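The values are calculated or read from the model by the stated rules, or taken from the named source; none is laboratory data. Bear in mind the structure is a predicted one, so any value in this text is a computation, not a measurement. Here the Cβ positions follow ideal geometry from the backbone for every residue, glycine too, while neighbour counts run over all protein chains shown.
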Ligand SMILES: NC(=O)c1ccc[n+]([C@@H]2O[C@H](COP(=O)([O-])OP(=O)(O)OC[C@H]3O[C@@H](n4cnc5c(N)ncnc54)[C@H](OP(=O)(O)O)[C@@H]3O)[C@@H](O)[C@H]2O)c1
């Protein structure tokens, strides 16, 4: 859950922002973080056109990762607990949508190799399933724990398929890396579909927004308008 300040002041929103970047583009989507995921996958996964999967797909991290990877030509599968949001996920770029409640995760150390890349906001059993289902030399960008903080898997995906597990940390990330990501976010990686992803709300809406977030029912990212 993230409560950010929407002041209209670009300097406060991010000292690194290129001049023509709108505040809504920054605060509305927490976009540095999920796009860093997508960058990690793009740097290590096969070229565009490859099959990638995004977990927690309707969440703030997930839907930004879906649009970012789709915009770069990847075939994106969205894993979600909200099949009713299939049209939304397809509209922002998902080619396929999987219902996580229906997913057969299997238990073998290696399952069918399905994904060249993965962006995971969920952790727990979902991340363990990803390690078992990556293609040869596939890579997983991991940052979230919406579904659990533990990871139970084996070394088989790593030593037999060369799978890479990349940790994403948006808090201590070095300034030069942030600068480069912000620069690209304002140019070739400029996000799409922000009108669908960002939900502008007021302070009065916070209780219902928090309830939705805690229940895992929220979609996209909330932007809280603090002034008029
Ligand atoms: N490492 C970092 O620097 C960093 C930075 C920001 C956030 N995070 C972490 O990343 C995670 C996602 O953040 P967010 O802002 O995207 O949160 P969010 O907007 O609340 O979205 C999380 C999504 O995960 C899915 N989900 C919720 N509960 C689940 C469960 N029990 N099992 C499986 N899936 C579940 C839901 O999507 P579906 O219904 O579509 O499945 C939900 O919308 C959080 O754990 C957050 O703490 C890490």
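I'd like the residue in region 184-228 that is near the ligand (Cβ under 10 Å from one of its atoms) and within 17 Å of the chain's Cα centre (by Cα) and, out of all such residues, is surrounded by the fewest Cβ atoms within 10 Å (Cβ to Cβ).
Per the criteria, the residue is 217.
Mind checking which pairs have a first residue in region 166-192 that is within 19 Å of residue 144 (Cβ to Cβ) and in contact (Cβ under 8 Å) with a residue 40 or more places away in the chain and a second that is away from the ligand (no atom under 14 Å from the Cβ) and not in a helix (DSSP H, G or I), Cβ under 7 Å, 6 or more apart or different chains?
166/139
Give region 56-77 a look and list any residue that's within 7 Å of the ligand (Cβ to nearest atom) and touching a strand residue (DSSP E or B) at 6+ places or on another chain (Cβ under 7 Å), or say none.
Residues satisfying the conditions are 57, 58, 60, 62.
With the requirement that a residue be near the ligand (Cβ under 10 Å from one of its atoms) and buried (at least 17 other Cβ atoms within 10 Å of the Cβ), what does region 99-118 give you?
100
With the structure loaded, tell me whether residue 80 is within 9 Å of the ligand (Cβ to nearest atom), within 20 Å of residue 142 (Cα to Cα) and within 10 Å of the chain's Cα centre (by Cα) or whether it fails that test.
Considered against the rule, which asks whether it is within 9 Å of the ligand (Cβ to nearest atom), within 20 Å of residue 142 (Cα to Cα) and within 10 Å of the chain's Cα centre (by Cα), residue 80 comes out as no.
Which fully enclosed helices (runs of 4 or more DSSP H) of region 108-220 have 3 or more residues being under 25 Å from residue 70 (Cα atoms) and modelled with pLDDT under 95?
Hits in region 108-220: 175-185, 194-197.
Is at least one residue of region 86-106 modelled with pLDDT of 95 or more, more than 18 Å from residue 62 (Cα to Cα) and in contact with a helix residue (DSSP H, G or I) (Cβ under 6 Å, 6 or more places away or on another chain)?
Within region 86-106, one or more residues are modelled with pLDDT of 95 or more, more than 18 Å from residue 62 (Cα to Cα) and in contact with a helix residue (DSSP H, G or I) (Cβ under 6 Å, 6 or more places away or on another chain).
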